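Please read the structure below before turning to the comments.
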Amino acid sequence: MVTIYLVVPVLVVIALVQATVMPHVAVWGIFPDLPVLLVSSWGLLRGPGEGAVWGFIAGAALDLLSGAPFGAATLALIAVGATAGLAKGSALQAHVALPLLTVFLASILYDLVFLFVLRVAGDTVVWVDSFVRIILPSAVLNAVLIPPVLGLMRWLDNRYLREEMEW
C-alpha cells in the first residue's frame, strides 16, 4: 500500500501547482500541462489501467481546484491515461519520437474532451480558435517536455513503485 500513499499526494500537489502557479508562467498564453505530462508518461510506463487510475486521481484533484464543471478534468485525464497506456512498451522501445507523438495526441485529446464537457454543460466553446491558438501550441509544448518528465517517471517507477498498484 505504500504506492498509493505516494501517488495521491504527488498528484494532488501537481494539480495544485497546475491550478495556481502554471498560469503565471505562461508564454504567449500557453503553459505546460503537468497533469497531462505525468498521467500520459505513467500510462506509457505502466499501461492503460494504471494510466486511467492516475488520470482519475489527478483529474479529481484538478476538478476540486477549478471553476469548470466537476468531472471535466477527470474524464479528460482518464482518457489520456488509458489512451497513452495503449502505447505501453512499444512507444518506449520503437523510436524516440513515439513518446513525443503519444503525448502530443494525448494533449489534444485532453483539451478536446475538456472542451466537450464544457459545451455539454452549456458553456460557449469556440472550437477552431481554441484548437489553433491554445490546443495545438500546448500539445507541442507538452511533447517537447515529455523526455525529461518520462525520465523522471521512469526513475520514480524503478525506485518506489515497482509493484503493481493495488486498491
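Pairs please, first residue from the range 7-30 and within 15 Å of Leu62 (Cα to Cα), second anywhere and polar (S, T, N, Q), Cβ atoms under 7 Å, 6+ apart in sequence or on different chains. Here the result reads Ala19/Ser66, each pair linking the range 7-30 to a residue that is polar (S, T, N, Q).
Quick one: is Thr83 under 22 Å from Leu45 (Cβ atoms) and among the hydroxyl-bearing types (Ser, Thr, Tyr)?
The answer is yes for Thr83.
Can you spot a residue in the range 83-106 that is of a type in the set (Val, Ile, Thr), crowded, with 23+ Cβ neighbours inside 10 Å and free of Cβ contacts under 8 Å to residues at least 60 places away in the same chain? No, that holds for no residue.
Leu65 - would you say it is within 20 Å of Ile134 (Cβ to Cβ) and surrounded by fewer than 18 Cβ atoms within 10 Å (Cβ to Cβ)? In short, yes.
Only the coordinates and a few stated rules stand behind these numbers; no lab work does. What you are looking at is a predicted structure, and each value in this text was computed from that prediction instead of being measured. We place every Cβ from the backbone using ideal geometry, glycine too, and count neighbours over all the protein chains shown.
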